[in-house]
Each structure stands twice: as C-alpha cells, then as structure tokens.
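Here the structure comes first, spelled out in structure tokens, and everything after it is commentary.
The values are calculated or read from the model by the stated rules, or taken from the named source; none is laboratory data. For clarity, every value in this text was computed on a predicted model and none was experimentally measured. Neighbour counts run over all protein chains shown; Cβ positions are idealised from the backbone, glycine included. Heads up: the accessible areas ignore ligands, DNA and RNA and are worked out on the full protein's heavy atoms, side chains in. Shrake-Rupley method; radii C 1.70, N 1.55, O 1.52, S 1.80 Å.
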Amino acid sequence: MPALAVLLISPVLLAAGTGERLFLAHCAPCHGKSGDGGIGANLATPRLLHAPDDEALRLVIVGGIAGTGMPPTRLTASEQRDLVEYVRALGRVEPETLRGDAARGEQIFRNEAKCLQCHAVGVSGGHVGSDLSTVGARRNAAFLRQAIVDPKSALTDKFIVYQRYISFPGNFLQVRVVTASGRRVVGARIDEDAFSIQIRDYSGQLHSFWKSELKELHKDWGATPMPAYKGVLSEAQLDDVVAYLASLRGDRK
Ligand code: HEC
Ligand code: HEC
C-alpha cells in the first residue's frame, strides 16, 4: 500500500512531537491537519462543547462520542496525556502586535459599523452571526481582517450534511425554505436531521419544519448575510476594528 508507506516515512511525522504525531495519525484525517475541522468538529477553538476540561477531553478521545462519527481511540496513558495537551494547544491562538487602536476600534464596531446588530460581545448584541466574545483567542488578525473585508472567504466549505450539534462559527449555513402553504423563510441552520430542520431567521425568530411539509429546501453554501466592508471602512478603521476583535480573548467583557 504505497500511501501508507509514504505516511510512515513522512519527515513531518518523524520531526513532530508525540502529541502532534498522534494527532496527525489518529485525528487529522477527520479534524484537519491544524485541527480546524472537516468531517470532524473544529478543535482549534478554546472551548469544546464535549470537553469543558482536560479529563472530559481525555474521555472523549478514548471513548469517542456515542451516536456520532467520533470514534474511540486506543492509546496508552502517556499518549492520552500528550494528545490532550496537543489538542488544547491547537485551541490557543497567540496574541500578536497590531497597528490599530482597540479603543477606537470598539467605537467603530459599536457605533459607525453597527456590528452588534448581528454579533454579540458579552451580553449585548445580536445572534445572526457568531458570538465574538472570545474571537481574539480563536482567530488570528489576518483571518479577522479577511472575514471583515470579504466575509464569504471566512465561511467553511467543509460541511457534513447532517450534524447533531451545530454551533457557530465554523458551521454557518444559510438555508431557504418554502412551506406547502407558500410561506418563505430565510435564515441560519440551527439543527437538522433526516426528517426535520430548525432555522433562525435574520430577525432572530426560530422556526422548525418537517421536511415532508416543505415544498422547497435550498442550502446556500457559501452565502452569508454579512456585508463586505471592503471600501466601506478605511484601512485605518479596519486596523482599529481588527485590534479590538483581537483583544476579545474572554479575559474581559
Ligand atoms: C472518523 C472521523 C474522526 C476521527 C478519526 C476523530 N474524530 Fe473527533 N470527532 C469526529 C466527529 C464527526 C465529531 C463530532 C461529533 C458530534 O456530532 O458531536 C468529533 C468530535 C470530537 C470532539 C468534540 C468537539 C467539541 O466541540 O466538543 C473532540 C474533542 C474530538 N473529536 C477529538 C478527536 C481527537 C483528539 C481525535 C484523535 C484521537 C479524533 N477526534 C478522531 C470525527 C472524528
Ligand atoms: C447582517 C449581519 C452581520 C453584520 C452587520 C456583521 N456580521 Fe459579521 N458575520 C455575520 C455572519 C452571518 C457571519 C458568518 C457566520 C459566523 O461566523 O457567524 C459573520 C462572521 C464574522 C466573523 C468571523 C467570525 C468567526 O469566528 O469565524 C467576524 C470576525 C465578523 N463577522 C466580524 C464583523 C464585524 C467587525 C462587523 C462590523 C464591521 C460585522 N461582522 C457585521 C453577520 C454579520
């Protein structure tokens, strides 16, 4: 099997630390080389739904998650420790030195650009987009700037069709439905299984439909209601907003 031989002698694997080597071998096929998700969940984020602490993470790794595509993995105790440490490290994004002014950026974010209309920071803001309270810990400055000037580029294209737990960011998907009676609803997919779909429309209202009752169900892969701010915000304003977002690391409100 030539593919396996290449994998075994890969210099990346030989040079990598134990945690990284284990991750590349056992987890990366589903979670991506840098852990940012694929068939599996995005692990490059500081909070994991199923693994609030290290012991919970260890149990998820050795036991898998029943009823989902997350399999159990057999590892020695020391391998388990190394892998837990490595997965946690994937969730930490290093602070960077930035040109912009975070305080000015906060004013632009709240007042001029009205980003709170769709995004929550702390207790205030909307829920059309993701909660940005800890976005500085999840994303680097280059990603943040890109997400603002060209929001489409920040959307993942690595969806699976049905997913038990749908959380933003990383899983945003716009859907449009037409009911049997001709009612139209557009919004973000909140949950879906083979028979039903739940949608939050862009005014924040939740809807639940049986698929058998729908005349149309469209999934707008790659679509987002977020406007592109290229040319709307100046370069200096972008620097400020990015500096503000980068400062949101969950250690202040
Ligand atoms: C065959 C594909 C596959 C492999 C291999 C795999 N996973 Fe997963 N993993 C998944 C899927 C799918 C989910 C989402 C399960 C669900 O529906 O909640 C998941 C979920 C998780 C979660 C929970 C994420 C959260 O936000 O709570 C963690 C942690 C995790 N995997 C870690 C790992 C680690 C570490 C490895 C390597 C030992 C690994 N996985 C191997 C598919 C996989
Ligand atoms: C009309 C609603 C809307 C407005 C207004 C809006 N956004 Fe968004 N934003 C979204 C949606 C939807 C997404 C894509 C899904 C997601 O990641 O939540 C998104 C994604 C993002 C992301 C990527 C988040 C991540 O972790 O991947 C950032 C950063 C962001 N927006 C910043 C801003 C900033 C800054 C402003 C104001 C200048 C703004 N947004 C205005 C709806 C909006």
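The table for this structure:
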| read-out | value |
| --- | --- |
| Filter pass, Leu59 being open to solvent by 20 Å² or more (accessible area, probe 1.4 Å), more than 8 Å from ligand 1 (Cβ to nearest atom) and either among the aliphatic types (A, V, I, L, M) or not in a loop (DSSP other than H, G, I, E, B) (or both) | yes |
| Residues of region 26-46 satisfying the condition of being near ligand 1 (Cβ under 8 Å from one of its atoms), open to solvent by 30 Å² or more (accessible area, probe 1.4 Å) and part of a loop (DSSP other than H, G, I, E, B) | Ile39, Ala41, Asn42 |
| Residues (of a type in the set (A, V, I, L, M) and in a loop (DSSP other than H, G, I, E, B)) located in region 169-219 | Leu173, Ala180, Ala194 |
| Verdict on Gly64 being exposed (fewer than 15 other Cβ atoms within 10 Å of the Cβ) and without any contact (Cβ under 8 Å) to a residue 24 or more places away in the chain | yes |
| Failed item, numbered, when Glu106 is tested on (1) at pLDDT 90 or above; (2) not small (Gly, Ala, Ser); (3) not assigned by TED's automatic domain parsing to the domain that holds Leu132 | (3) |
| Qualifying residue in region 132-155 (condition: at pLDDT 60 or above, over 23 Å from Ser247 (Cβ atoms) and not in a helix (DSSP H, G or I)) | yes |
| Residue ID - modelled with the highest pLDDT, chosen from residues in region 167-187 that are surrounded by fewer than 17 Cβ atoms within 10 Å (Cβ to Cβ) and in contact with an Asp or Glu (Cβ under 6 Å, 6 or more places away or on another chain) | Val178 |
| In region 123-151, the residues that are open to solvent by 20 Å² or more (accessible area, probe 1.4 Å) and in contact with a Ser or Thr (Cβ under 6 Å, 6 or more places away or on another chain) | Arg138, Gln146 |
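Condition check ((1) modelled with pLDDT under 85; (2) among the basic types (Lys, Arg); (3) under 19 Å from the mean Cα position of the chain (by Cα)) across all residues:
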position: Pro2; (1), (2), (3): yes, no, no
position: Val6; (1), (2), (3): yes, no, no
position: Glu20; (1), (2), (3): no, no, no
position: Lys33; (1), (2), (3): no, yes, yes
position: Ile39; (1), (2), (3): yes, no, yes
position: Leu43; (1), (2), (3): no, no, yes
position: Gly64; (1), (2), (3): no, no, no
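A quick yes/no check of all residues on (1) under 30 Å from Ala142 (Cα atoms); (2) open to solvent by less than 50 Å² (accessible area, probe 1.4 Å); (3) in contact with a Lys or Arg (Cβ under 6 Å, 6 or more places away or on another chain):
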| residue | (1), (2), (3) |
| --- | --- |
| Arg189 | yes, yes, no |
| Gln198 | no, yes, no |
| Gly204 | yes, yes, no |
| Asp220 | yes, yes, no |
| Pro227 | yes, no, no |
| Lys230 | yes, no, no |
| Leu233 | yes, yes, no |
| Gln237 | yes, yes, no |
| Tyr244 | yes, yes, no |
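This table checks each residue for (1) open to solvent by 70 Å² or more (accessible area, probe 1.4 Å); (2) within 11 Å of ligand 1 (Cβ to nearest atom); (3) in a loop (DSSP other than H, G, I, E, B).
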| site | (1), (2), (3) |
| --- | --- |
| Arg74 | yes, yes, yes |
| Glu79 | no, yes, no |
| Val84 | no, yes, no |
| Arg104 | yes, no, no |
| Ile108 | no, no, no |
| Leu116 | no, no, no |
